[in-house]
Structure formats: C-alpha cells, structure tokens
Amino acid sequence: MKTDGAMLHPLASGDGPEPELMCIFGTGDLGRSLGLRLLQCGYRVVYGSRRPHSCGPLPEGAQVMTHEESARSAKMIFVCVHREHYEFLEKMAPQLERKVLVDLSNNLKKNMYMEANAVYLQRLVPKAAVVKGLNTLSAWALQNGLLAGRQVYLCGNNEEAKRDVAEMATKLGLTVVDKGSLSAAKEVEDFPLQLFPEWRMPLYVAFGLSAFFFLYLVIRDIVYAYVENDEDISYRIMISLANKITPVVSLIMLALCYLPGAIAGFLQLYRGTKYSRFPNWLDRWMLCRKQLGLLALGFALLHVIYSLIIPARYSDRQRVISNVLNEVKKNTTTPLYFDNTSAWRNDSLYALGILGFFLFVLLGLTSLPSVGGTLSWREFSFVQSTLGYLTLLLSTAHCYIYAWDRFLRKSTYKWYTPPDFMLCLIVPSVTLVLKLILVLPCVNRPLMRIRQGWERNRPKDEMGELKATNM
C-alpha cells in the first residue's frame, strides 16, 4: 500500500506495541531488497523518493513519501543512494537533525575520493548520527534471505546510534563487527572492493602446482620424446598432459585440506594445551581449507571430463584404425589373452575413482551455506571429517592402483626423474599416516582430553576445580 500524506497509518491494530518504523532513501534494487527484508523481520518501512508517485513497484506493505515527509516519521534512515546524489541531504539538514543515518554506499574503485562517503555525509549533515555499515550486503543476498551468520561491519562516532543499528542487524540474522569510529569508514567501504580475499592463497597454490607439473611433464614427456626418439608428440599437451595435471593437483590439494588439522593435533599434543595460539601460517592455512577443497573438486571434475573424451580424440581413433589395417594387410589377428590380474586392476581403478569422486561431490555440496546450514554440528563434522578422510583414502588408493608396479620399471624414470603419480602420492600418504597415528587410542585419548580443556602443566588445584565444573 502506498500513501502520499504525512501521517503513517499502522499496518495492523493490536494490543502490543507498534512495530518500529524504518525509513529508506532510494528505491533501487538495494533499497527494495532491504525494505523487503525489514518487513519480513517485523519492521514497518517507508520509502523516501524524489518521485513518490512513479518510483516503481515496492515491497507489499511498504509506504512511500517525499524525502522530507519520510525523514520526519522515522528515527533510523538507510541511505541507499550513490555519493554523487548526496546534495539533497544537505538541504534536508533540519529534518535529519538527531536522526540515525546508515550509509550503505560503495564506490566503483578504491581511493576514488579523498574522504570516505560516510565522512562526507557526516560533514553535509553534522547534527545527524552517521553510521557506516551493511554495505557488504547485496540485493541478491537480501532477496533470497542468505544472511544467517553473515558478517557485517559498522563504524560511527555515536555509540548509541551504533548500538541501535547493531540491534537491527542482529534481528536480520547478521553478525556485527564494530570497527570503531567513523575514521574507519574508508576501510569498511573498501571491503566490497576486495577480489576474492579468502581465495587468494588457494588460487596461488593451485596455479603454482599446475605450473610446476605442466613444466615437469612437458620436459619428461614432450621434450624427452623429441630428444631421445626424434618424435613430435606436442599435440598431447592439450588433452593427455592436462589429464595428468588435473588429478595430480586435485589429490594434492585435497590432502592439503586435511594436513593442517593433523599438524594442529600434534602441536596440541606437544604443547599439552589447546589454549596456545597456532602459528600465523597454520591459522591462515586452516582458514582456507574450504577454498582448497572446492578448487580440488574443480580439478577432479576436469579429470573426469578429460578421461571421458580421450577415446574420442583423433590420435586415439587413428591408432585403432592403423592397428586394424595393419592386421588386415598382414592377414593376421592379435591372439586373444585374458589377463585376470589386469581386469581386477582396471575395474578397481575405475571403482575407486567413481566412489572417490562421488564422495568428493558430496563434500562440495555440504560446504554450501544453503546445505550445510541444514545439518547439525555432528552431521556436518561427520561429513567433512570422516567422509573427507574416506574420500582422501579412496582417491589415494586410486592413484596407487594406477601406479601399480610402474615404479619398478626402469623406463618409468625418464632422465632419472620420478613420474608425476609418484610425486603426487607424497602429501596424501603423509597426511593419512599422520591421521592414522592420531586415531590410535594411546594418542587419541590424551588429545581428546586436551581439546576438552585439560592442560599438562596446570596446577592440581585448578585441575580439581575444572573437573568439578565439568561433572
């Protein structure tokens, strides 16, 4: 319902207190999405617009007025307009006096202006309480309700205004981080401009591993064949070489997801406490495990696709046709001999690969917020830990069966270098061995005690108090 008058009529009558009224300046995608979310959380919403009669469709239950009328009716005002349109706010300074202005604006690039948008807004309306925040939310996230636990940042010079905004954000399902005074506004405004900050290190790892194995395999396969056999097989770079790189990188990155947890367990056993902070490198490593796993899943998917299209390649079809023609010309046939060991090996290779990839996909799905949010802590831990290690075990076994007895052949070591499948088994094998040690009863029991709060060097009287508290 839309009204043009200065008075706002309650949406519903009742004995309880009337819901708090929120004002939004701006009827674009962000303003409409924010208003919809506020209405869903029990607030009343009024929009301030330059053209209240022709501002487009708004959420059902919201009202629309001129900027001046809507500003007088609400205590908290969300500014969902660009900085270049702030001039009208300066003219409204009397109506905005002692109001809370929540600045949601963002810039197109860093250091676009000398001062932060929120600081500029505070200078235009000095008697209002400007709070910078909620600018990391997108219209899409607000429309689809993807706010549970999402972190937002607030800063402002008025503590009471920040508390009011923080209380409202908490009702929306957000997690609020107070960044201090308005001097931190520029830092807050730069957060949405960061390009995949949590993915930076995993992407570096993926790129580094891919580049290393690409150069390594080009030398071992392509250059070696050209130098030693005078054979040009450079065409293999596009499919065959890629199909060697993707599983190797995928397996190593999957192992890198679980290796820091094993290292952390041994570190806690060594220190005898869980209260000592991990080294910074280990902290950063553990925080990016989700991204490492998703990238590993992507490489595994590429490996599956490459493997499926290999029989359709020109070189493979040409080789089959050539073999058939040679047999026809010679009027001979290749004797049929069924090797039961090879059959078991090939079927085991495919079975382990299929099961490992299935569990890999399951891990990726449960890492999505919309799926993981429906699981309890125990269920999520079971999938990501128990099934995660099972995935690593199956994938590593898949690689071991592929290697089979090739490491015993002299021809495997071209120019005395080990093959790629031997190099990629180092990290996952170490990870699985460390995990095996940690699950041994003689190691697991003290580790569980430490993770429940026990400390090796704590005085006995403190330990008695802790034990009595836990009982």
Checking LEU203 against (1) closer than 21 Å to PHE360 by Cβ; (2) crowded, with 16+ Cβ neighbours inside 10 Å, the condition it does not meet:
(2)
Just a yes or no: is a residue in the stretch 277-295 among the aromatic types (Phe, Trp, Tyr) and under 30 Å from SER234 (Cβ atoms)?
no
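This table checks each residue for (1) within 18 Å of PHE78 (Cα to Cα); (2) assigned to a helix (DSSP H, G or I); (3) not assigned by TED's automatic domain parsing to the domain that holds ALA129.
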site: VAL152; (1), (2), (3): yes, no, no
site: CYS155; (1), (2), (3): yes, no, no
site: GLU160; (1), (2), (3): yes, yes, no
site: ARG163; (1), (2), (3): yes, yes, no
site: ALA166; (1), (2), (3): yes, yes, no
site: SER183; (1), (2), (3): no, yes, no
I'd like to know if the stretch 219-228 contains one or more residues that are in contact with a strand residue (DSSP E or B) (Cβ under 9 Å, 6 or more places away or on another chain) and either modelled with pLDDT of 90 or more or more than 30 Å from TYR413 (Cα to Cα) (or both).
no
Test result for ALA225, of a type in the set (A, V, I, L, M, F, W, C) and closer than 30 Å to LEU34 by Cα
no
Any hit, the stretch 233-244, residues being under 22 Å from the mean Cα position of the chain (by Cα), in contact (Cβ under 8 Å) with a residue 60 or more places away in the chain, in a helix (DSSP H, G or I) and over 20 Å from THR366 (Cα atoms):
no
Six or more apart or on different chains, Cβ atoms under 7 Å: show the pairs whose first residue is in the stretch 181-206 and touching a residue at least 24 places away in the same chain (Cβ under 8 Å) and whose second is surrounded by fewer than 16 Cβ atoms within 10 Å (Cβ to Cβ) and part of a helix (DSSP H, G or I).
MET201/ARG284
Among THR431, THR391, THR386, which is among the polar types (S, T, N, Q), part of a helix (DSSP H, G or I), touching a residue at least 40 places away in the same chain (Cβ under 8 Å) and farther than 18 Å from GLN291 by Cα?
THR431
Given the condition within 24 Å of LEU241 (Cα to Cα) and in the same structural domain as LEU308 (by TED's automatic domain parsing), answer yes or no: does some residue in the stretch 378-393 qualify?
yes
May I ask you to say which residue of MET92, MET65 is hydrophobic (A, V, I, L, M, F, W, C), in the same structural domain as CYS155 (by TED's automatic domain parsing), out of contact with any Leu (no Cβ under 7 Å at 6 or more places or on another chain) and under 13 Å from VAL125 (Cβ atoms)?
MET92
The residue from THR136, THR170 that alone is out of contact with any helix residue (DSSP H, G or I) (no Cβ under 6 Å at 6 or more places or on another chain), among the polar types (S, T, N, Q) and assigned by TED's automatic domain parsing to the domain that holds PRO59 is THR170
In the stretch 168-181, what residues are crowded, with 16+ Cβ neighbours inside 10 Å and assigned to a helix (DSSP H, G or I)?
MET168, ALA169
Pair list, Cβ < 9 Å and 6+ apart or interchain, from the stretch 108-127 residues that are at negative phi to residues that are of a type in the set (Asp, Glu) and assigned to a loop (DSSP other than H, G, I, E, B)
ARG123/GLU115; VAL125/GLU97; LYS127/GLU97
For the stretch 108-138, how many residues are more than 16 Å from GLY26 (Cα to Cα) and in a loop (DSSP other than H, G, I, E, B)?
14
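Give the residue that is surrounded by the fewest Cβ atoms within 10 Å (Cβ to Cβ), with candidates limited to residues of the stretch 206-231 that are more than 22 Å from LEU294 (Cβ to Cβ) and either aromatic (Phe, Trp, Tyr) or in contact with a helix residue (DSSP H, G or I) (Cβ under 6 Å, 6 or more places away or on another chain) (or both). Break it down into steps so the answer makes sense when it comes.
Pass one, the stretch 206-231, residues more than 22 Å from LEU294 (Cβ to Cβ): 215-231.
Keeping just the survivors that are either aromatic (Phe, Trp, Tyr) or in contact with a helix residue (DSSP H, G or I) (Cβ under 6 Å, 6 or more places away or on another chain) (or both) gives 216-217, 220, 222, 224, 226, 231.
On the way: TYR216: 18, LEU217: 22, ARG220: 19, ILE222: 19, TYR224: 17, TYR226: 13, GLU231: 11.
Ranking the qualifying residues of the stretch 206-231, first place goes to GLU231.
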Going by the conditions given, is PHE407 touching a residue at least 40 places away in the same chain (Cβ under 8 Å) and closer than 23 Å to ILE245 by Cβ?
no
With the requirement that a residue be assigned to a helix (DSSP H, G or I) and over 18 Å from ARG345 (Cα atoms), what does the stretch 394-421 give you?
LYS410, SER411, THR412, LYS414, TRP415, TYR416, ASP420
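So, GLY265, is that one part of a helix (DSSP H, G or I) and under 27 Å from PHE357 (Cβ atoms) or not?
no
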All but one of (1) within 28 Å of the chain's Cα centre (by Cα); (2) over 24 Å from LEU209 (Cα atoms) hold for LEU394; which doesn't?
(2)
Pairs needed: first member in the stretch 365-377, in the same structural domain as THR391 (by TED's automatic domain parsing) and loosely packed, with under 11 Cβ neighbours inside 10 Å; second member anywhere, assigned to a loop (DSSP other than H, G, I, E, B) and small (Gly, Ala, Ser); C-beta distance under 9 Å; at least 6 residues apart or different chains.
none
Given (1) assigned to a helix (DSSP H, G or I); (2) touching a residue at least 24 places away in the same chain (Cβ under 8 Å), identify the lone condition not met by ALA148.
(1)
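The values are calculated or read from the model by the stated rules, or taken from the named source; none is laboratory data. Keep in mind that this is a model prediction, so the values were computed, not measured. Note that we place each Cβ from the backbone using ideal geometry, even for glycine, and neighbour counts take in every protein chain shown.
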